[in-house]
Each structure stands twice: as C-alpha cells, then as structure tokens.
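J.: Sharing a structure with you now.
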Amino acid sequence: MLNRYKRKYKELEGRVIEKANGKFNKLSHPVKRWLVILFVIASTVICLGTIGGLFSSEESDLLRGQSITEPTNINPMTKNLKSESLIPLGKMKGEVDGEFDSFYVAVDKDARLFINRNISYGENAYEKSDAWKEITMNELKQYERSLHFIPLSQKSKGLKP
C-alpha cells in the first residue's frame, strides 16, 4: 500500500517537473537569462541571510574571541590547590585476568598520576595520603587495555571532590 503511494507521488512529481521544464524551454532566451539571474540572486540572499542568522551578534563575539571565558563547571581546577591536593580525573573499572578491579585516578599539580583502590568518601578524599599510589603513564596505558575509564562529572551521584 505504501509503495503504491510512493509510486503515485513519483509519477506526479515527474509530471510537474516535465510541465515546468516545458514552460521554461518555451520562453525566449532573454527571459530565461533574467529568470536564472533572479534565481541566483534570490539563492544568494537566502544563503547570506541564513549565514547571518547563524552568526548573531552574541555568537559572533564568541567567534571573534572577544567573550571567551573559562568554563564554570570545572570546580577542582578553580580551587587554589594545596601542595598535597589531587585533581580527580575519574574511575577505572573492569575485569583483569578474571578478577574485578576498580580504582580512582587523580593527578597532582606536577602532572603526576595517582590511583586509589580504597578511597575515603569525605572532604579530604583527594588529599595525598598513603592510599594514593603514584603510577606512570605506561602503567595507566596497560590498565586502559582491559579497564573502562569513567570520567567524574558534576552531575554524578558518586564521590564529590
């Protein structure tokens, strides 16, 4: 049933195009030229109007770099870090050699990576302590082969930094 309507629509579309084409071809050469020129001008105006609408004054300032600001949703980075504070990155979890493994990943102000398998869920969760073990980038890449990384977000219901 649907194919029948599609076929009828295609036939109708073909007939309309043939009629319009026939009428256009019957026009004199100067009239055809003016119609094509008017069509190009109208298309150009529509395109420029659309582009102009995309770059309204508010957005064009942003594109020019006049109003680029720091994101407001990155709380750990906006705090003044103490020398012993870590910046939370996320959590890695999954199965390694048939055993479940999960840990939190953080970085310090010197860009050194740390993991914690037994994190305390308090205000000082991301303070350097014996629970945080430093790892290398190569070790993290080894973990990435078998574990999934889950970034911490402001909307998560889990641990808040």
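J.: Could you please report the charge total around residue 118, scoring K, R as +1 and D, E as -1 over all other residues with beta-carbon less than 12 angstrom from its beta-carbon? Before the final figure, lay out the partial values.
T.: Working: positive: 117, 133; negative: 130.
Result for the local shell: +1.
J.: Residue 23 to residue 37: extension gain in nm, 0.36 nm per residue of separation minus the Cα-Cα distance? Numbers along the way, then the final one.
T.: On the way: separation 14, 0.36 × 14 = 5.04 nm, distance 1.76 nm.
Computed gain between residue 23 and residue 37 is 3.3 nm.
J.: Residue 152's amide H: which non-local residues (gap 5+, or another chain) put their own amide H closer than 5 Å, with H modeled 1.01 Å from N in plane and none for Pro or chain starts?
T.: 90, 91
J.: Sort the following peptides by mean Cβ neighbour count (other Cβ atoms within 10 Å, averaged over residues), highest first: 40-51, 121-132, 92-103. Don't skip to the answer; put the middle values down first.
T.: On the way: 40-51: 9.8, 121-132: 14.1, 92-103: 11.8.
My ranking of the peptides, most packed first, is 121-132, 92-103, 40-51.
J.: Given H placed 1.01 Å from N in the peptide plane, which residues other than close sequence neighbours of residue 135 have an amide H under 5 Å from its amide H?
T.: Excluding prolines and chain starts, which carry no amide H, the hits are 113, 114, 115.
No lab work stands behind these numbers, since they all come straight from the coordinates. Keep in mind it's a predicted model, so treat the numbers as computed, not measured. All Cβ positions, even for glycine, are placed from backbone atoms using ideal geometry, and neighbour counts span all protein chains on display.
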